[in-house]
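Quick notes on the structure that follows.
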Amino acid sequence: MMEDSYVETKVEALEDNRTKVTVTVDAADIDARIKKTYKDFANKYNFPGFRKGKAPRPIIDNALGKEAVLATVTDDVVNGSYPLAIDDCGLYPVSKPEFDESGLVEGGKPYAFSFTVAVKPELELSSYDAVSIELPAEGATDAEVDEQIEALREHYHTFEDASAATKVKADSYIDLAMKATDDKGEEIPSLTTESRPYGLGANLFPAEFDEQLVGLKKGQSATFTLDMPADPPIMLSALSGKTDKIAFEVEVKAVKKKILPEVTDEWAKDTLGFESAEDLRSRIAESISQQKAIVLPRLKENACLEALAERLEGEAPEAMRESAEATLIQDFFQQLQSQGMTFDRYLMQQGITPDQFKEDVKKQAADVAKQDLALDAWARHFGMEATDEDVTAEFQKSGVEDPAALEKEWRANGQLHMVRQGIMRTKAVYDLMEKAVVSEADPAKKDGEAKKPAKKAAAKKSSKKDASEGADEAAEKKPAKKVAKKDDAAADGAE
């Protein structure tokens, strides 16, 4: 690998955040490379009439082709020099370089080659004042504890018969008797029953089935016929393709009313295993507090990043969004694999289509790219730098046996800019969070944002990560070539 003293670089800014770099390697280094390559070829190949390593240049040229050595040296020069030039020039590429045609090296002459690479834009923020954010209060509030207890009461509810005058509503729970026949008038045993508990709105039957029951009272009946849906719900799925219509005779045997348990010492002890109702509240409060202690720092970071990204003036380039999208998808499928879950099962649980998933990831990737550029602007504005000492420290924190060798490898591969970028963004995040003006969120405001299904499994990585954590992500990126039971119930709602 060549030394920096042999390299001269020239940087030219082009349009659309593209930069042209011209690298010149002096003649002495070119000659040394040519000499070494001839020697390598002489030792590598067998040339009749000559001992290993002793074949002269004309013999090698005649056997392998006159340009074989020069082409090898040219590739070595380009692939060994351009990564160093990227790092030395302080560039932050967002795409692979595109090389200009520059011919082959010649003995006794310096060699120059040029490449163009898209780099991240240096956008500005509309303001560099401290961001103002809202966060939930630390610890557990009475309202939060009450909410968890209500969830427990709902979970342990029972049903009793309501009065005979009670009408069936769209969310009622009832007992019914039912007879079902197919389009040939034959009884359908799987649906026919003398008594079946049924909750309206559970999507076990088509919505039209529930509509026929609404307004009925105990002892009243309804007779109706439904077309077999193209996408039948659970109770009808086994009949798909076997009948076009289903005739129902349904009688309401009883309308039920939900009974929630009272929060007493007996209930807390006998049902949930706590010592008393007060012990239940205390344990729930403790669980919520512990959960908040874990999630609040991340909530603060995310809130700060979102607020800062809103100040970004300009748009992230497509290459950055595509890179963020690729990382999100890779992380997502790694999580699925670790959880032993298939993609189809995940989509079914979330109730989304593959196209909706893709669109959500694209939106997340756009957010990530904006936040990254906003952090870059913040770091630049406040003079934050990633020193050589900072970079070395990151590799030392990586836990590898030889961090110095890994750092050298990353430099040779043109990857150190990734570490420097990570260091500066980490410094920016800490500074941003330290300066943030935090107020307590109104507990009456529940999570108003629509659920983003992909984020549940494909959440972006924290910006506050050691640059060494990115080693696995970049290790595969080769340089471009010229020619990568007790506390459970209480903890569930603390997040």
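The values are calculated or read from the model by the stated rules, or taken from the named source; none is laboratory data. What you see is a predicted model, and the numbers here were worked out from it, not measured in a lab. Methodologically, a virtual Cβ is constructed for each residue, glycine included, from the backbone with ideal geometry; neighbour enumeration extends over all protein chains shown. Each accessible area value is taken on the protein alone, full model and side chains, heavy atoms only, with ligands, DNA and RNA left out. Shrake-Rupley method; radii C 1.70, N 1.55, O 1.52, S 1.80 Å.
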Item to complete: Output yes when any residue across the range 130-140 is of a type in the set (D, E), within 45 Å of the chain's Cα centre (by Cα) and open to solvent by less than 80 Å² (accessible area, probe 1.4 Å), and no when none is.
Response: no
Worksheet, complete the sentence: (1) at pLDDT 90 or above; (2) open to solvent by less than 50 Å² (accessible area, probe 1.4 Å); (3) over 28 Å from V117 (Cα atoms); (4) not hydrophobic (A, V, I, L, M, F, W, C) all hold for S398 apart from (1)
Response to the item:
Note on G90: of the conditions (1) outside any helix (DSSP H, G or I); (2) open to solvent by less than 40 Å² (accessible area, probe 1.4 Å), unmet is (2)
Worksheet, complete the sentence: By residue number, the members of the range 197-228 that are out of contact with any strand residue (DSSP E or B) (no Cβ under 7 Å at 6 or more places or on another chain) and surrounded by 16 or more Cβ atoms within 10 Å (Cβ to Cβ) are L200, F205, D210
Worksheet entry | Where a residue in the range 338-359 is of a type in the set (F, W, Y) and its partner, wherever it lies, is at pLDDT below 90, with Cβ under 6 Å and at least six apart | F357/A454
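Taking the options S282, S237, S289, name whichever one is of a type in the set (S, T, Y), closer than 30 Å to V131 by Cβ, open to solvent by 20 Å² or more (accessible area, probe 1.4 Å) and not in a loop (DSSP other than H, G, I, E, B).
Values: S282 fails: closer than 30 Å to V131 by Cβ; S237 fails: closer than 30 Å to V131 by Cβ.
The conditions single out S289.
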Fill in: One residue from A55, A71, A85, A63 being within 26 Å of R411 (Cα to Cα) and out of contact with any strand residue (DSSP E or B) (no Cβ under 9 Å at 6 or more places or on another chain)
A71
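One line per residue, one yes/no per condition, for (1) surrounded by 13 or more Cβ atoms within 10 Å (Cβ to Cβ); (2) part of a helix (DSSP H, G or I); (3) modelled with pLDDT under 95; (4) touching a strand residue (DSSP E or B) at 6+ places or on another chain (Cβ under 9 Å):
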position: Q337; (1), (2), (3), (4): no, yes, yes, no
position: R345; (1), (2), (3), (4): no, yes, yes, no
position: M348; (1), (2), (3), (4): no, yes, yes, no
position: I352; (1), (2), (3), (4): yes, no, yes, no
position: L375; (1), (2), (3), (4): yes, yes, no, no
position: W378; (1), (2), (3), (4): yes, yes, no, yes
position: A386; (1), (2), (3), (4): yes, no, yes, no
Practice prompt. Only residues that are open to solvent by 70 Å² or more (accessible area, probe 1.4 Å) and in contact with a Ser or Thr (Cβ under 6 Å, 6 or more places away or on another chain): list them for the range 254-270, please.
Written response: D265
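Are any of the residues in the range 30-46 of a type in the set (F, W, Y) and assigned to a loop (DSSP other than H, G, I, E, B)? Lay out the reasoning, then the answer.
Keep residues of the range 30-46 that are of a type in the set (F, W, Y), which gives 38, 41, 45.
If we keep only those that are assigned to a loop (DSSP other than H, G, I, E, B) too, we end up with 45.
Yes, because at least one residue in the range 30-46 is of a type in the set (F, W, Y) and assigned to a loop (DSSP other than H, G, I, E, B).
If only one of A177, A164 is within 30 Å of F209 (Cα to Cα) and surrounded by 14 or more Cβ atoms within 10 Å (Cβ to Cβ), which one is it? It would help to see each step written out before you state the result.
Details: A164 fails: surrounded by 14 or more Cβ atoms within 10 Å (Cβ to Cβ).
Going through A177, A164 in turn, just one is within 30 Å of F209 (Cα to Cα) and surrounded by 14 or more Cβ atoms within 10 Å (Cβ to Cβ): A177.
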Worksheet, complete the sentence: A careful count of residues in the range 240-252 that are buried (at least 16 other Cβ atoms within 10 Å of the Cβ) and touching a strand residue (DSSP E or B) at 6+ places or on another chain (Cβ under 8 Å) gives 6
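Could you list, in sequence order, all residues of the range 323-349 that are over 13 Å from the mean Cα position of the chain (by Cα) and closer than 28 Å to D372 by Cα?
If we filter the range 323-349 for residues that are over 13 Å from the mean Cα position of the chain (by Cα), which is where we start, we get 337-349.
Result: Q337, S338.
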Practice prompt. Could you tell me which residue of the range 43-78 is least open to solvent (accessible area, probe 1.4 Å), considering only residues that are at pLDDT 90 or above and of a type in the set (S, T, N, Q)?
Written response: T74
Practice prompt. Identify all residues within the range 419-448 that are in contact with a Gly (Cβ under 9 Å, 6 or more places away or on another chain) and modelled with pLDDT under 90; write none if there are none.
Written response: none
Practice prompt. Kindly indicate whether K109 is more than 27 Å from K10 (Cβ to Cβ), open to solvent by 20 Å² or more (accessible area, probe 1.4 Å) and either among the charged types (D, E, K, R) or in contact with a strand residue (DSSP E or B) (Cβ under 6 Å, 6 or more places away or on another chain) (or both).
Written response: no
Worksheet item: In the range 53-80, which residues are in a loop (DSSP other than H, G, I, E, B) and out of contact with any helix residue (DSSP H, G or I) (no Cβ under 6 Å at 6 or more places or on another chain)?
Response: K54, P56, G65, K66, E67
